[in-house]
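The values are calculated or read from the model by the stated rules, or taken from the named source; none is laboratory data. Just so it is clear, the model here is predicted, and its values are computed rather than measured. Quick reminder, even Gly has a Cβ in these numbers, built from the backbone with ideal geometry, and neighbours come from all protein chains shown.
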Amino acid sequence: MSPVVFYGSPQGVPVKKPMSLLRLLREIHIDLKKQTDLISRDVVWATFPRQDEAIRFSKEHAHTKVFSYQDHLSGQRRFLVSTHDEFWRRYNNMDPQIRHHYEVIQEGSPCHIYFDLEFNAKLNQKRDADEMVDTLVAVTFSALQDKYSIEGQEEWIIELDSSNEEKFSRHLIIRIPKTAFKDNSHVGAFISEICSRIAAQRAANPNLDKLYITKDSGAEPV
């Protein structure tokens, strides 16, 4: 290496002034703070008995989300604050029998289309749940096409089933690539429109009648 390059030259590139001690210490402090923030962010895992406490804590800790779960010992609902990475690391190692968690979508947050579908299985033994879900998805995709010119795709759908002999329970999430509704209220307005379509077209379309279930013994399907 040329001495001029190594040391600098009065006639060439001036020699850089040594960094002041205060500036050096400041940059070291910034680097250490970044590392500390990264470490603390990765290991956040705090539980709360109340949702408002969890949300308040989450707002004070960047990159965290609020989750809800049912305590397998007490049966009570609790709220958890963690990052997605840390949550998945622990959740992935949990006993499947106690994996009863879901993320709390906070007010004002972007939101995907979702359905929480439940009914009494014993009162609706003649209902084909899979066929009902397929019909609902078809109506939803039709509404997406009519309202937003979006052609729905099967691969956008995530189905989570926790049905048993007593109750049919399935959660549907429709994740449109690179697209979400502004917040939960906008999703709600879209779902309300879907329900209105089903009610209005029920008489003319026998398939839509399959979406109605019996809630109480002897009652009319709703």
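A few points about this structure:
- Residue match in the stretch 106-118 (condition: charged (D, E, K, R) and within 20 Å of SER169 (Cα to Cα)): yes
- Residues of the stretch 99-127 classified as of a type outside the set (Phe, Trp, Tyr) and surrounded by fewer than 13 Cβ atoms within 10 Å (Cβ to Cβ), total: 7
- Selection from the stretch 175-188 of residues that are exposed (fewer than 11 other Cβ atoms within 10 Å of the Cβ) and not charged (D, E, K, R): PRO177
- PRO221 meets all of the listed conditions (1) touching a Phe, Trp or Tyr at 6+ places or on another chain (Cβ under 8 Å); (2) of a type outside the set (Ser, Thr, Tyr); (3) modelled with pLDDT of 95 or more but one, namely (3).
- Restricted to the stretch 59-142, the set of strands (runs of 3 or more DSSP E) holding at least 3 residues that are over 25 Å from CYS195 (Cα atoms) and modelled with pLDDT of 95 or more comprises 65-70, 77-82.
- Residue within the stretch 148-161 that is in contact (Cβ under 8 Å) with a residue 40 or more places away in the chain and not aromatic (Phe, Trp, Tyr) present: no
- Residue satisfying all of: in the stretch 22-54; of a type in the set (A, V, I, L, M) and touching an Asp or Glu at 6+ places or on another chain (Cβ under 9 Å); modelled with the highest pLDDT among these: VAL44
- Counted residues, the stretch 128-141 - those being in contact (Cβ under 8 Å) with a residue 40 or more places away in the chain and surrounded by fewer than 17 Cβ atoms within 10 Å (Cβ to Cβ): 2
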